[in-house]
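For reference, the structure is listed below as structure tokens.
The values are calculated or read from the model by the stated rules, or taken from the named source; none is laboratory data. Note that the structure is predicted; figures quoted are calculated from it, not measured. Here the Cβ positions follow ideal geometry from the backbone for every residue, glycine too, while neighbour counts run over all protein chains shown.
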């Protein structure tokens, strides 16, 4: 049972025997952690001594009432300090909708168009730290800025450039280096490459393949001994349709694969190949080879009845006689 689970993990994830054992230990650890709350409530918590009884509801209500009375007695309306720089709140009749630039307007001017004092202070702190509003919509990035207030002020917001021609210069500078343009330029320079000889650099340039996925592809390739068909790309765990399409478009299977001599290899040497994980089948194969002599062709492998046709077809290109 243990060996079957390890073989299943190796086949599914395309990992080594040691990594499969680590993955199994991690899965068992997760299962134990998930069941701990149930075990604690069912078998441990009933034996924990109960503490002092909870206070009665009337006692809690009386304490809450006493706290409310103390808070009401100590509360005093806040008075604006004359020496403070904080502007006083404007009355509704003082609010007037006029055009304003959120990058240059003072707190008083922001409050004059209906922005509350605490929001005007946040805008001021945002600007003091080097922040700038490049578009009207950037005003919504201020925390807790009301959407209805923005809708009312949108047509009055006016963003001025800090420097002449700033917007045009910014666009002309950023356009050649936008992510879409970079991807298009890199894509046009990609040439077909040999998947059995390439490194991660060639793979990372393809859409949908990052550094981790590129390492996984190369690890699977080295475990196989090289790809012999582009259809084997489908066996690499984690490749989506975009990555598969890119691989089949640019990756070429050029050089031959590394083969294993079926007549001299031991069970351990055969078992290292991803397509030959079943040790019971390998043991029978080696016993058959010992009793009947060396295999001369792939067809003779079919005489070993425990070997299924799918395994023979997959492993055949990696066997020599």
(message) Let me spell it out: the conditions are (1) at pLDDT 85 or above; (2) surrounded by 11 or more Cβ atoms within 10 Å (Cβ to Cβ); (3) out of contact with any strand residue (DSSP E or B) (no Cβ under 9 Å at 6 or more places or on another chain), and residue 148 meets all of them except one. Which number is the exception?
(response) (2)
(message) Suppose we filter 40, 47 for residues that are over 30 Å from residue 222 (Cα atoms) and surrounded by 10 or more Cβ atoms within 10 Å (Cβ to Cβ); which single one remains?
(response) 40
(request) Considering each residue of the range 3-20, count those that are more than 21 Å from residue 212 (Cα to Cα) and either exposed (fewer than 15 other Cβ atoms within 10 Å of the Cβ) or touching a helix residue (DSSP H, G or I) at 6+ places or on another chain (Cβ under 6 Å) (or both), and give that number. (result) 5
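Residues are listed down the side, and each one gets a yes or a no for (1) outside any loop (DSSP other than H, G, I, E, B); (2) modelled with pLDDT under 90; (3) over 26 Å from residue 194 (Cβ atoms):
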| site | (1), (2), (3) |
| --- | --- |
| 258 | no, no, no |
| 263 | no, no, yes |
| 277 | no, yes, yes |
| 281 | yes, yes, yes |
| 294 | no, no, yes |
| 303 | no, yes, yes |
| 312 | yes, yes, yes |
(message) If I filter the range 197-215 down to residues being surrounded by 19 or more Cβ atoms within 10 Å (Cβ to Cβ) and assigned to a helix (DSSP H, G or I), which single residue comes out as farthest from the chain's Cα centre (by Cα)?
(response) 202
(request) Please list, ordered by first then second residue, the pairs with beta carbon atoms under 8 Å, 6 or more apart or interchain, first in the range 300-319 and not assigned by TED's automatic domain parsing to the domain that holds residue 223 and buried (at least 17 other Cβ atoms within 10 Å of the Cβ), second at pLDDT below 85 and not in a strand (DSSP E or B). (result) 301/307
